[in-house]
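Remarks on the structure that follows.
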Amino acid sequence: AGTLGAAAAQSGRYFGTAIAASRLGDSTYSTIAGREFNMVTAENEMKPDATEPQRGQFNFSSGDQIYNWATQRGMKVRGHTLAWHSQQPGWMQSLSGSSLRQAMIDHINGVMAHYKGKLAYWDVVNEAFNEDGSRRNSNLQGTGNDWIEVAFRTARNADPSVKLCYNDYNIENWSYGKTQGVYRMIQDFKSRGVPIDCVGLQTHFTGGSSLPSNFQTTLSSFAALGVDVALTEVDVTNASTSQYAGLTQACLNVSRCVGITVWGVRDSDSWRSGESPLLFDGGGNKKAAYTSVLNALNSA
Ligand code: G3I
């Protein structure tokens, strides 16, 4: 197949990108995005500061712009994200304790009601762990260690049709403390019936040419707990072709790895633009990494 989305679809997977609403008017950007991808994540537009700028007053204008753009082109949409220590609206940052807990529940209910039945996945909770595998200190963590499972239970009730994911970075290396901490949480949730369907590995790779140690083992180990896995925010320092090919192959080798999303279209669109980490250069030309990914998908 000649595009990333079509090539991934040959094995029942998707290939996605993060989309910024403010860039959709750039025809080079929207032409590439519309041609190559079949899954979309809003880069910032469905985060709490965007969707609930004032308590109880929801704003879905930018999120809907992305949703409509994607679905008019037959793409699916991943919601990102409902509960996170970062990009909270100001009013939420200043809350704590039971009022913050209630605000989190209300936020999940309000946003998920708007998108009910429309999304493929939701990143319910994002980046809740420290590098050593302990829980990250945040105002949400301060409401009690059960805040993550409360978020997932609330989400399941709000929209039983969407797959509910935990999403984090630096959980690709199987030997790493953070990976093990997240693994133990998923294992615990599955054993106690806390609703969770998927784990998103952000896959922001920095430097080197080989994959983090036992990357595929990480994917298959999470999958063995009974959840789907996905690579949700891929970007790679200098777009190393071997790392791009390797991460693609690792996903293809694990049946429950459902898809790959890159965190932007062109290098110039990236939050790491100085590292040229994506599959298209600033002029919209396919890079060598693009070909390495496409070839891996086509040889699956
Ligand atoms: O929109 C405002 C603009 O009006 C203002 O003039 C400008 C000045 O700073 O800021 C603009 O907002 C920025 C926003 O991106 C949109 O460009 C924010 O400052 C900036 O902080 C924000 O960065 C985003 C970052 O998350 C914030 O945490 C990145 O675009 C986005 O790619 C990044 O995505 C995260 C994932 O959600 C979670 N995993 C890590 C990943 C990379 O950091």
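Couple of notes before you dig in:
- Its alpha carbons considered, the range 251-300 gives a radius of gyration followed by a Dmax of 12.3, 35 Å.
- Nearest-ten-degree value, helix 97-114 long axis tilted from longest Cα axis of the chain: 50
- Extension gain (nm, one decimal) between D188 and S175, 0.36 nm per residue minus Cα-Cα: 2.8 nm
- J(HN,Hα) series, the range 124-137, from Karplus relation 6.51 cos²θ - 1.76 cosθ + 1.60, nearest Hz, glycine and proline x: 5, 10, 10, 6, 9, 10, 7, 5, 8, x, 8, 6, 5, 6
- Compared with the dominant Cα axis of the chain, that is its longest principal axis, helix 288-298 is turned about 80°.
- More than 19 angstrom apart: percent of Cα pairs within the range 92-221: 52
- Cα centroid separation, the range 129-149 to the range 199-258 (Å): 24
- The chain: most fluctuating residue of D281, D168, D197 per GNM, C-alpha cutoff 10 Å: D281
- Measuring between alpha carbons in the structure, the pairs from K76/K286; K190/K286; K116/K190; K47/K190; K47/K178 lying more than 31 angstrom apart are K190/K286.
- Whole-number percent relative contact order across the chain, with pairs defined as alpha carbons under 8 Å at least 6 apart: 17
- Across K116, K47, K76, mean-square fluctuation computed from a Gaussian network of the chain (C-alpha pairs under 10 Å connected) peaks at K116.
- In plain terms, the bigger the Kirkwood radius, the slower the diffusion; for the range 1-153, with that radius from Cα pairs, at 37 °C and 0.692 mPa s, Stokes-Einstein puts D at 198 µm²/s.
- Per-residue SASA entry for L219, accessible area with 1.4 Å probe, Å² rounded to 10: 0
- Folded to 0 to 90 degrees: helix 27-36 orientation relative to the chain principal axis, Cα: 90
- Pairwise FRET efficiency - N253 versus S134, Cβ, R0 = 41 Å, nearest 0.05: 0.85
- Karplus (6.51, -1.76, 1.60) ³J(HN,Hα), θ = phi - 60°, over the range 78-94, in Hz, Gly and Pro reported as x: 9, x, 8, 9, 9, 9, 7, 6, 9, 6, 8, x, x, 4, 6, 4, 8
- Of all DSSP beta bridges confined to the chain, the antiparallel ones make up roughly 10%.
- Dipole moment magnitude, nearest 20 debye, the chain about Cα centre, only Lys, Arg, Asp, Glu C-beta charged: 600
- Measuring nothing but protein heavy atoms, the accessible surface of the range 8-153 at 1.4 Å probe radius is 43 percent carbon and sulfur.
- Contact order relative to length of the range 213-300, as percent, for alpha carbon pairs under 8 angstrom and 6 or more apart: 30
- Highest-fluctuation residue, T248, T179, T31 considered, GNM on the chain with Cα pairs under 10 Å: T31
- For the pair A113 and K286, the difference between a 0.36 nm per residue extended length and the Cα-Cα distance amounts to 58.4 nm.
- Using θ = phi - 60° and Karplus 6.51 cos²θ - 1.76 cosθ + 1.60, couplings along the range 248-253 (whole Hz; Gly, Pro as x): 5, 5, 4, 5, 4, 7
- Exposure check, 1.4 Å probe, all protein chains in place: M104 carries approximately 10 Å² of accessible surface.
- Over the range 113-160: Rg over Rh, Cα atoms, Kirkwood Rh: 1.05
- Once the 1.4 Å probe is applied to the protein heavy atoms, the chain comes out at 36 Å² accessible per residue.
- Radius of gyration, Dmax [the chain; alpha carbons; angstrom]: 18.2, 52
- Using a Förster distance of 41 Å, the FRET efficiency for H85-Q10 (Cβ separation, nearest 0.05): 0.60
The values are calculated or read from the model by the stated rules, or taken from the named source; none is laboratory data. Predicted model only: the values in this text are computed from it and were never measured. We place every Cβ from the backbone using ideal geometry, glycine too, and count neighbours over all the protein chains shown. When the accessible area is computed, the model is the full protein with side chains, heavy atoms only, and any ligands, DNA or RNA have been set aside. Shrake-Rupley method; radii C 1.70, N 1.55, O 1.52, S 1.80 Å.
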